[in-house]
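The values are calculated or read from the model by the stated rules, or taken from the named source; none is laboratory data. Remember, it's a predicted structure, so these values are computed and weren't measured experimentally. Cβ placement follows ideal geometry from the backbone for every residue including glycine, while neighbour counts extend to all protein chains displayed. Side chains are part of the model used for accessible areas, which takes the heavy atoms of the whole protein and leaves out ligands, DNA and RNA. Shrake-Rupley method; radii C 1.70, N 1.55, O 1.52, S 1.80 Å.
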Amino acid sequence: MNVLLIGSGGREHALALALVKSPLLDRLFVAPGNPGTARIAHNVALDAGDFAKVIAFCREESIGLVAIGPEQPLVDGLTDALEAAGLKVFGPSQAAARLEGSKGFTKDLCAKYHIPTAAYGRFADKDRALAYVREKGAPIVVKADGLAAGKGVVVAMTPAEAEQAVESLFSGAFGAAGAAEAVVEECLDGEEASFFALCDGEKAVAFASAQDHKRVGDGDRGPNTGGMGAYSPAPVMTPEMSARVMREIVEPTVAAMKAEGCPFKGVLFAGLMIGKDGPKLIEYNTRFGDPECQVMMARLEDDLLGLLLACAEGRLPPNVRLSDKTALTVVLAARGYPGTPLKGGRIDAIDEAEKIPGVSVIHAGTKMEGGQLVANGGRVLNVVALADSVAQAQALAYRGVDAIRFPDGFCRRDIGWRAIGR
Ligand code: AMP
Ligand code: GLY
């Protein structure tokens, strides 16, 4: 079968590496892809926002499955358009992608179906949001309702900070996502983890857990980023905790979405807080995480294409096989990130890193310029290592990092610290 994968980041390079191992695959196209996917698949300059062009391409190339990596095309309804044209898709419909696209939708669903999450209020009116903040006090969390590329959340430690966050949200400082609506919620305590489940509209199967490192600097300091590193599994997600999350959070959500007339197909990414009264949902994303996907794919032993097809066709197997080893990735970012990253920095010696057994290098924001690989985004490369423990995977990943020459890049030196400290 021919497959079209939508996206251009490290997540999509990792997915492509797993897809090309499939015995079911004939040709893999990636739109638009990156220099990493170009080595193993056919990159195509297709704009995911132009549904008619994507459909025409799928017909021309007899595409048997379209797999959608990022959230924007899901929220924009690409799945619906492709399915209406008779194509098979891995990724939720626009109505089901509201689990990521609208925090208010998700909170209301949790309330209606008794899914554990932080207590909250939903406000289209600034003065009511301010009154709620004053009533509840701090710490408290202020969120923009819609997609905000990771910039829509303020965890306010004082009432003044919370009121300021509400003011700036309604003045449009969080982008269009916030100007319309705010969710204000209880601040949860505990350890954060990410949990991924594959869903086929009726059933869900646990995929894997991971932990991300959102802050730019060592020791979890500095501004938030899209993720500076990750590992899988997350030690806090024991088999018992994973089973509990499936039973108390994921399965009730899949049942709720079906009952609401918008069955969820694709991968459900639950951001969790594991506290003393058990797991609570912080938020959902409706796609694989980036860079979490890179570490989960390194552990996957089953055929990814078979699994994605099973999601699309409503016939998920009862479980997914992953290696018991730990995968850890370090993100190499361009200087300036998460502000304006320096573009065009030369990258050399990736092959030296790849010679180290257990190390692979994933392209996230790179491009070829006159035969030279250069940086072309904030998060540039992901060095992934697979080993028997977090400490070993960490050491191996940094050996890979140190083999690469990218003078205009930087990385955190402490990815995995929490798990190693346990
Ligand atoms: P989100 O964009 O919803 O993932 O939120 C970004 C980050 O804000 C999360 O990863 C958490 O660290 C933090 N956060 C969000 N909601 C809460 C909450 N209710 N309690 C504590 N921390 C939160
Ligand atoms: N790494 C977090 C995300 O993909 O949203």
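What FRET efficiency do you get for residue 186 and residue 243 if R0 is 35 Å and r is their Cβ-Cβ distance, rounded to the nearest 0.05?
E between residue 186 and residue 243, to the nearest 0.05, is 0.85.
If each residue of separation counts as 0.36 nm, what is the full-extension length gain between residue 324 and residue 221 once their alpha-carbon separation is subtracted?
On the way: separation 103, 0.36 × 103 = 37.08 nm, distance 3.05 nm.
Gain on extension, residue 324 to residue 221, equals 34.0 nm.
For every other residue with a beta carbon closer than 9 angstrom to the beta carbon of residue 211, add +1 if it is Lys or Arg and -1 if Asp or Glu, then tell me the sum.
Residues near residue 211 contribute -3 overall.
Residue 260 to residue 134: extension gain in nm, 0.36 nm per residue of separation minus the Cα-Cα distance?
So the chain would gain 42.0 nm between residue 260 and residue 134.
Could you please report the charge total around residue 380, scoring K, R as +1 and D, E as -1 over all other residues with beta-carbon less than 12 angstrom from its beta-carbon?
Numbers: positive: 335, 343, 346, 367, 379; negative: 408.
Neighbourhood net charge equals +4.
So the label point goes 7 Å from the Cα of residue 315 along Cα→C-beta, right? Which residues of region 45-76 then have their backbone N under 16 Å from it?
So the set is 65.
Quick one: compute a quarter of the convex hull surface over the Cα atoms of the chain and quote it in nm².
Averaging across all directions leaves 19.3 nm² for the Cα convex hull.
Restricting to Cα pairs below 8 Å that are 6+ residues apart, what does the relative contact order work out to for region 152-225? Please round to a whole percent.
15 percent
Return the FRET efficiency for the residue pair residue 388, residue 355: r is the Cβ-Cβ distance, R0 is 22 Å, and the value is rounded to the nearest 0.05.
Efficiency at R0 = 22 Å is approximately 0.60.
Quote the accessible area belonging to residue 274 in square angstrom, nearest 10, computed with a 1.4 Å probe and with ligands, DNA and RNA left uncounted.
Result for residue 274: roughly 20 Å² accessible.
Once each part is reduced to its C-alpha centroid, what is the distance from region 293-324 to region 183-233 in angstrom?
19 Å
Roughly what % of DSSP beta bridges within region 1-158 run antiparallel, to the nearest 5?
Of the beta bridges lying entirely in region 1-158, close to 20 percent run antiparallel.
Using a 1.4 angstrom probe on the protein heavy atoms only, line up 107, 355, 258 by accessible area, largest first.
355, 258, 107
In nanometres, what is the gap between the two model label sites at residue 39 and residue 372, each 7 Å from Cα along Cα-to-Cβ?
Rounded to a tenth, the inter-label distance reads 1.9 nm.
When all protein chains stay in place, what accessible area (Å², nearest 10, 1.4 Å probe) is found for residue 187?
Number for this one is 50 Å².
Students often get this wrong, so check it: of 143/367; 88/203; 276/325; 88/280; 112/258; 136/214, which have C-alpha atoms separated by over 25 Å?
Table pairs above 25 Å Cα-Cα are 143/367; 276/325; 88/280; 136/214.
Can you tell me which aspartates and glutamates have their Cα less than 16 Å from the Cα of residue 126? Leave out same-chain residues fewer than eight positions away.
135, 145, 161, 163, 167, 181, 185
Residue 79: accessible area at probe 1.4 Å, nearest 10 Å²?
0 Å²
Find the centroid of the Cα atoms in region 28-46 and in region 54-105, then give the distance between the two in whole Å.
Between the Cα centres of region 28-46 and region 54-105 lies a distance of 18 Å.
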